[in-house]
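Worksheet: the structure to be examined is printed underneath.
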Amino acid sequence: MINKVIGVSGNMVSVEFTGEASMNEVCYIITGGKKLKSEVIRIKGNVADVQVFEMTTGIGVGETVEFTGELLSVQLGPGLLGQVYDGLQNPLPKLAAECGFFLDRGVYLSALDETKVWKFTPSVEAGAKVEAGEQIGFVREGIFNHWIMVPFHLDGVLTVKRIVAAGDYTIKDIVAEVEDEKGDLHPLTMVFNWPVKRAIKSYAERLKPSETLITKLRIIDTFIPVAKGGTYCIPGPFGAGKTVLQQVTSRNAEVDVVIVAACGERAGEVVETLKEFPELIDPKTGRSLMERTIIICNTSSMPVAAREASVYTAVTMAEYYRQMGLNVLLLADSTSRWAQAMREMSGRLEEIPGEEAFPAYLESLIAGFYERAGIVRLKSGAIGSVTIGGTVSPAGGNFEEPVTQATLKVVGAFHGLSRQRSDARKYPAIHPLESWSKYKGIIDEQKTDYGRSILFKGDEVDQMMKVVGEEGTSLDDYIIYLKSDFLDFVYIQQNSFDPVDNAVEPERQQYTYDIIMDILTAKLNFASKEEARSWFNKVRQNFLDYNGKKWKSDEFNKLEITISQLLADKKIGVEADAEFLG
Amino acid sequence: MQKVYSKIESISGNVITVTAAGVRYKELAVVGTRYGSSLAEVIRLKRDEVALQVFNGGRGVSTGDEVRFLGEPMKVSFSDNLLGRIFDGSGRPRDGGPELTDSMIEIGGPSVNPAKRIIPRRMVRTGIPMIDLFNTLVESQKLPIFSVSGEPYNELLARIALQAEVDLIILGGMGLKYDDYLFFKETLEKGGVLSRTVFFVHTASDPVVESLLVPDIALAVAENFAIHGKRVLVLLTDMTNFADAMKEIAITMEQVPSNRGYPGDLYTQLASRYEKAVDFDGSGSITILGVTTMPGDDVTHPVPDNTGYITEGQFYLRNGRIEPFGSLSRLKQQVNGDTRPDHRAMMDGMIKLYAAYKESLEKKSMGFKMSTWDEKLLTYGDMFEREMMDLSVNIPLESALDKGWEILASCFEPEETGLKSELIAEYWLNKV
């Protein structure tokens, strides 16, 4: 079989092949003594167009290409947690040890440590009947029992013919042998490969996401919640704080495993995560945050085709840990760069362009990606989930562009960042009125609706005041404006640099929201706007201090009393529209 | 092994095609025309049809001209001999000096392994309060100046180059006006830093395509100096010209345009240059200051928009001043905690008051009544613009902070500033 390069354009190479080639098959272009990993993305007659995951400089017509017959896959097994990979699962620290400062092309290292010894405990016996995705044993990986499972690609009911005794094994040792229905024997190690572009479906059933995923950000948990197994997106212009929001979420979210896919973004930001996470302690487990994290990092200057693969690599790993009954959060920053990578390839393939030159299949690919999130009941009865949160970087900050629109169609929550709010240093800069969520939050909906209505009315008054000035606004309207400003200032905004305020537990959110509701629903007695303003300033100052105090500490209690006294001074009843709340 | 072909099949814009065998992607060739020879780079291979972009442009190229393939991609000489020299966009001497051919290095090399980067931690002092105090520049940062034609962005670059404490300065000019080129040369010469500067200058009168090489050459040289432990400052002006040159080639190659005619890979192309900014673990660093002129003062134009997503902040230069709103240094938090205890508080506090001044100004222009507070803000805003924002102010950070306290004290009562009481106790100037 002779396969030869016949054309090069950017990172796309055309290959003339004899024999067979399959779509998304991995092949290697051999040039200058190096093998460059590539993926088939179109086949026409005996010519395959392949995208090269490396720089294509120096490739010449007539050079040899090796087809592997395998789809682009990742290695799944114990040892993934705590790793830093590129988009093709090359471990970056190991690569640095081998190649130095630069990412030399054509160097592919084993994703998992092949010499590390794991303590394997079998959970089935010879003769047991198992199916793909079912546990045959486990090893201890950090804080979890890492299930060793029957590879997902084996069909039907399998019989365990042989399984090793508990003991120390590496990932290359055979730990079991299973026989399929046809009588073929399959030796199993602790690792296997899975093609990244196929969803893992070895579970009993998919459930409806209903449990709130706690992020410890007040605006999200209270007003625009995310559910375990749900999806959400964060579109925003540059500088509005998408990445900081993702970083804060990756630290504080109440999940078992976090996978960060830095896709086509700044290397500097990944470095911060890389260097800081090992030092940060997860308050829940008392262990380093890195132990529950995997970083997939394909920054903007790394080859663009690998960027396209990186989100799939990340979601495949997420699904793998979900299969162990864990809750996994995948944070993809940014999906626009992924879409742009597809646009670049589509342009090279000279496909007929859709809107803004994005390919026509953009929507279905975005939908397909987010659909890999979900909460499932496994065959063992355990529940596992993958939650996907993707940032979107719309051109010009305008949400009316194809990637944002295609994403909004398929996600369950929308956290829109606003330039106006970030310019005013109101963080997190999520717009409380434009954003929405279809999931259930941690606070009674009637109460959050009331808060939202105050924000809405306050915004209207604010708009009006810009035209008629403060003196043309009635006292009642002015109080509504002050209430909405208060809610925004002390609850929606949150100081991610404050040691207490940066992560707020749900009990505390529920508790403080009730105090805020008392103020929002109160009929207040003021003689003038000046009096109203100065009273709100005072309450606000106390509340800000209150937010910064440890939950239920003496100072916390003291400030709470001050606040309720301030309220008692001015409260003369309850607003008519809030009476139904009781 | 040099192959010569003497039949050019097609000439379209700055792109020519020849039928040739054994050619490699990105390989260089020399096209000899009757008006002199030019370098050309292979940009597409399709069986035996080779497309090249000609750096001197397609004008005057004849179908019978000779194309000689050099068998290797674009390279540039790297040694200390570069210092003090001036080259054009293809790396040929512009200063009449000898051509350099020792230790040639490839340009546009692979990206740095993120695992070998470190978190930036050193401030670059510029003597400009709007930068040092409010949006501190940090070593290894990549930061563009967003501006419009006519603004003194090149003067600003030159000033920063003169005052920044770095080992080396590399200037990459793309579509630079000849006057501006002379201005840089004279200013750096007068400032006595020419001996540690390297120029790669493509002027507005040179063929457009040649500007495509400038960032890659400048950054390849910078990268090698940085690996040798040097702290390098790279100035790139103006990146919009670079993007426009890419647009031109993309359209000639009949690529599908994505946004306002720019190619779909604009983000990737810009990012692969800006991302060369780096602080190497255990070695030197590259800091990149670029200029991006915004056509029509429109920040949503594809070039500034994509740039903003790539860089670590931006400085808005408008009406000869660095605007405090919109300007941002994403890395300032890494360094401004260890300068002086009042740095962060003054940074936020003064800008908040300046924002309030802007509101009062708006109210005033709409004819609303001015309160005493508004009057105070108006005085403050005026002083702030004159003594902090004006680009002629040239003082170190510490003096700028003192100046800030002076301005506050002459305009407000301490409790009106919203600053913490401990800071006021230490820094507030007692008015006599």
Quick one: in segment A:67-85, of everything that is touching a helix residue (DSSP H, G or I) at 6+ places or on another chain (Cβ under 7 Å) and either more than 14 Å from chain B (Cβ to nearest Cβ) or aromatic (Phe, Trp, Tyr) (or both), which residue is nearest to A:Ala261 (Cα to Cα)? A:Tyr85
Residues being part of a strand (DSSP E or B), of a type outside the set (S, T, N, Q) and facing chain A (nearest Cβ under 7 Å) - total across segment B:246-283: 2
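Name the residues in segment A:163-181 that are part of a strand (DSSP E or B) and not β-branched (Val, Ile, Thr), would you?
If we filter segment A:163-181 for residues that are part of a strand (DSSP E or B), which is where we start, we get A:163, A:167-169, A:176-179.
Listed by number, the residues that qualify are A:Gly167, A:Asp168, A:Tyr169, A:Ala176, A:Glu177, A:Glu179.
Among the residues of segment A:302-310, is any assigned to a loop (DSSP other than H, G, I, E, B) and farther than 25 Å from A:Val26 by Cα? Full working, then the answer.
Of segment A:302-310, the ones assigned to a loop (DSSP other than H, G, I, E, B) are A:302-303.
Within this subset, residues satisfying the condition of being farther than 25 Å from A:Val26 by Cα are none.
No, every residue in segment A:302-310 fails to be assigned to a loop (DSSP other than H, G, I, E, B) and farther than 25 Å from A:Val26 by Cα.
Residues that are surrounded by fewer than 20 Cβ atoms within 10 Å (Cβ to Cβ) and among the basic types (Lys, Arg): list the strands (runs of 3 or more DSSP E) wholly contained in segment A:1-62 that include at least 2 such residues. Lay out the reasoning, then the answer.
On the way: elements: A:4-9, A:12-16, A:25-31, A:34-44, A:47-52.
Because the criterion is at least 2 residues that are surrounded by fewer than 20 Cβ atoms within 10 Å (Cβ to Cβ) and among the basic types (Lys, Arg), the strands (runs of 3 or more DSSP E) in segment A:1-62 that meet it are A:34-44.
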For the list (1) within 18 Å of the chain's Cα centre (by Cα); (2) assigned to a helix (DSSP H, G or I), I need the number of the one condition that A:Ser385 fails. (2)
Condition check for B:Lys276: within 24 Å of B:Phe78 (Cβ to Cβ) and surrounded by 23 or more Cβ atoms within 10 Å (Cβ to Cβ): yes
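Out of the residues in segment B:1-53 meeting the condition of being of a type in the set (Phe, Trp, Tyr) and more than 10 Å from chain A (Cβ to nearest Cβ), tell me which one is surrounded by the fewest Cβ atoms within 10 Å (Cβ to Cβ). Explain how you work it out, then say what you get.
Step one: filter segment B:1-53 for residues of a type in the set (Phe, Trp, Tyr), giving B:5, B:25, B:35.
Restricting the remaining residues to those that are more than 10 Å from chain A (Cβ to nearest Cβ) gives B:5, B:35.
Working: B:Tyr5: 18, B:Tyr35: 13.
Only one residue fits best here, namely B:Tyr35.
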Any chance you could count how many residues in segment A:14-40 are under 32 Å from the mean Cα position of the chain (by Cα), of a type in the set (A, V, I, L, M, F, W, C) and either within 15 Å of B:Arg47 (Cα to Cα) or away from chain B (no Cβ under 12 Å) (or both)? 4
Name the residues in segment A:110-121 that are surrounded by 21 or more Cβ atoms within 10 Å (Cβ to Cβ) and over 30 Å from A:Glu54 (Cβ atoms), would you? A:Trp118, A:Phe120
Mind telling me which of the residues A:Arg287, A:Arg292, A:Arg266 ends up being within 12 Å of chain B (Cβ to nearest Cβ) and among the basic types (Lys, Arg)? A:Arg266
Enumeration of residues in segment B:85-132 that are among the acidic types (Asp, Glu) and within 14 Å of chain A (Cβ to nearest Cβ): B:Glu106
How about segment B:198-241: which of its residues are among the hydrophobic types (A, V, I, L, M, F, W, C), farther than 16 Å from B:Gly91 by Cβ, in a helix (DSSP H, G or I) and within 14 Å of the chain's Cα centre (by Cα)? B:Met239
Which one of these is modelled with pLDDT of 90 or more and out of contact with any helix residue (DSSP H, G or I) (no Cβ under 9 Å at 6 or more places or on another chain): B:Ile16, B:Ile119? B:Ile16
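If you take the residues of segment A:82-101 that are in contact (Cβ under 8 Å) with a residue 40 or more places away in the chain and in contact with a Phe, Trp or Tyr (Cβ under 8 Å, 6 or more places away or on another chain), which of them is surrounded by the fewest Cβ atoms within 10 Å (Cβ to Cβ)? Lay out the reasoning, then the answer.
Step one: list which residues in segment A:82-101 are in contact (Cβ under 8 Å) with a residue 40 or more places away in the chain, which gives A:82-89, A:92.
From what is left, the residues that are in contact with a Phe, Trp or Tyr (Cβ under 8 Å, 6 or more places away or on another chain) are A:87-88, A:92.
Working: A:Gly87: 30, A:Leu88: 25, A:Leu92: 22.
Looking at the filtered set, the residue picked out is A:Leu92.
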Look at A:Ser22 and say whether it is modelled with pLDDT of 95 or more, out of contact with any Ser or Thr (no Cβ under 7 Å at 6 or more places or on another chain) and of a type in the set (Gly, Ala, Ser). no
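So which residues in segment B:403-432 are of a type in the set (D, E, K, R) and either touching a strand residue (DSSP E or B) at 6+ places or on another chain (Cβ under 9 Å) or without any contact (Cβ under 8 Å) to a residue 12 or more places away in the chain (or both)?
At the first step, the residues of segment B:403-432 found to be of a type in the set (D, E, K, R) are B:403, B:406, B:413, B:415-416, B:420, B:422, B:426, B:431.
B:Glu413, B:Glu415, B:Glu422, listed by residue number.
Does A:Val248 count as on the phi < 0 side of the Ramachandran plot, of a type in the set (A, V, I, L, M) and buried (at least 24 other Cβ atoms within 10 Å of the Cβ)?
Taking the combined requirement at face value, the residue does not satisfy it.
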Listed by first then second residue, the pairs whose first member lies in segment A:302-316 and is more than 14 Å from chain B (Cβ to nearest Cβ) and buried (at least 24 other Cβ atoms within 10 Å of the Cβ), whose partner is hydrophobic (A, V, I, L, M, F, W, C) and assigned to a helix (DSSP H, G or I), with beta carbons under 7 Å and at least 6 positions apart or on separate chains, are A:Val311/A:Trp338; A:Val311/A:Phe369; A:Val315/A:Phe369
Can you give me the number of residues within segment B:357-367 that are surrounded by 16 or more Cβ atoms within 10 Å (Cβ to Cβ) and within 32 Å of the chain's Cα centre (by Cα)? 1
Taking the stated definitions as given, is A:Val107 under 30 Å from A:Leu36 (Cβ atoms), surrounded by 15 or more Cβ atoms within 10 Å (Cβ to Cβ) and of a type outside the set (Asp, Glu)? no
Find the helices (runs of 4 or more DSSP H) located wholly in segment B:307-413 whose residues include 2 or more that are closer than 26 Å to B:Pro152 by Cα, and list them. B:343-365, B:372-384, B:397-411
Do we have any residue at all in segment B:140-161 that's part of a strand (DSSP E or B), at pLDDT below 95 and within 14 Å of another protein chain (Cβ to nearest Cβ)? no
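Being at pLDDT below 95 and farther than 30 Å from A:Ile492 by Cα is the requirement here; does A:Ala424 meet it?
Details: at pLDDT below 95: yes; farther than 30 Å from A:Ile492 by Cα: no.
When the stated conditions are applied, A:Ala424 does not pass them.
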Failed item in (1) under 23 Å from the mean Cα position of the chain (by Cα); (2) closer than 22 Å to A:Glu141 by Cβ, with A:Gly87 passing the rest: (2)
One residue from A:Thr231, A:Thr299 being surrounded by 24 or more Cβ atoms within 10 Å (Cβ to Cβ), modelled with pLDDT under 95 and of a type in the set (Ser, Thr, Tyr): A:Thr299
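Of the residues A:Val139, A:Val124, which single one is assigned to a strand (DSSP E or B) and crowded, with 16+ Cβ neighbours inside 10 Å?
Values: A:Val124 fails: assigned to a strand (DSSP E or B).
Testing whether each residue is assigned to a strand (DSSP E or B) and crowded, with 16+ Cβ neighbours inside 10 Å leaves just A:Val139.
Quick check: is even one residue across segment B:281-288 among the aliphatic types (A, V, I, L, M), buried (at least 24 other Cβ atoms within 10 Å of the Cβ) and closer than 22 Å to B:Phe146 by Cβ? Before the answer, list the steps.
Of the residues in segment B:281-288, the ones among the aliphatic types (A, V, I, L, M) are B:286, B:288.
Add one more test, that the residue is buried (at least 24 other Cβ atoms within 10 Å of the Cβ), and what stays is B:286, B:288.
Those left that are additionally closer than 22 Å to B:Phe146 by Cβ: B:286, B:288.
The answer is yes, given that some residue of segment B:281-288 is among the aliphatic types (A, V, I, L, M), buried (at least 24 other Cβ atoms within 10 Å of the Cβ) and closer than 22 Å to B:Phe146 by Cβ.
Here are B:Val124, B:Val67, B:Val138, B:Val112: which of them is assigned by TED's automatic domain parsing to the domain that holds B:Val31 and surrounded by 20 or more Cβ atoms within 10 Å (Cβ to Cβ)? Let's see the steps before the verdict.
Numbers: B:Val124 fails: assigned by TED's automatic domain parsing to the domain that holds B:Val31; B:Val138 fails: assigned by TED's automatic domain parsing to the domain that holds B:Val31; B:Val112 fails: assigned by TED's automatic domain parsing to the domain that holds B:Val31.
Result: B:Val67 is the single residue among B:Val124, B:Val67, B:Val138, B:Val112 that is assigned by TED's automatic domain parsing to the domain that holds B:Val31 and surrounded by 20 or more Cβ atoms within 10 Å (Cβ to Cβ).
The values are calculated or read from the model by the stated rules, or taken from the named source; none is laboratory data. All figures in this text were calculated on a predicted structure; none of them were measured in a lab. Cβ atoms come from the backbone with ideal geometry, glycine included; neighbour counts cover every protein chain shown.
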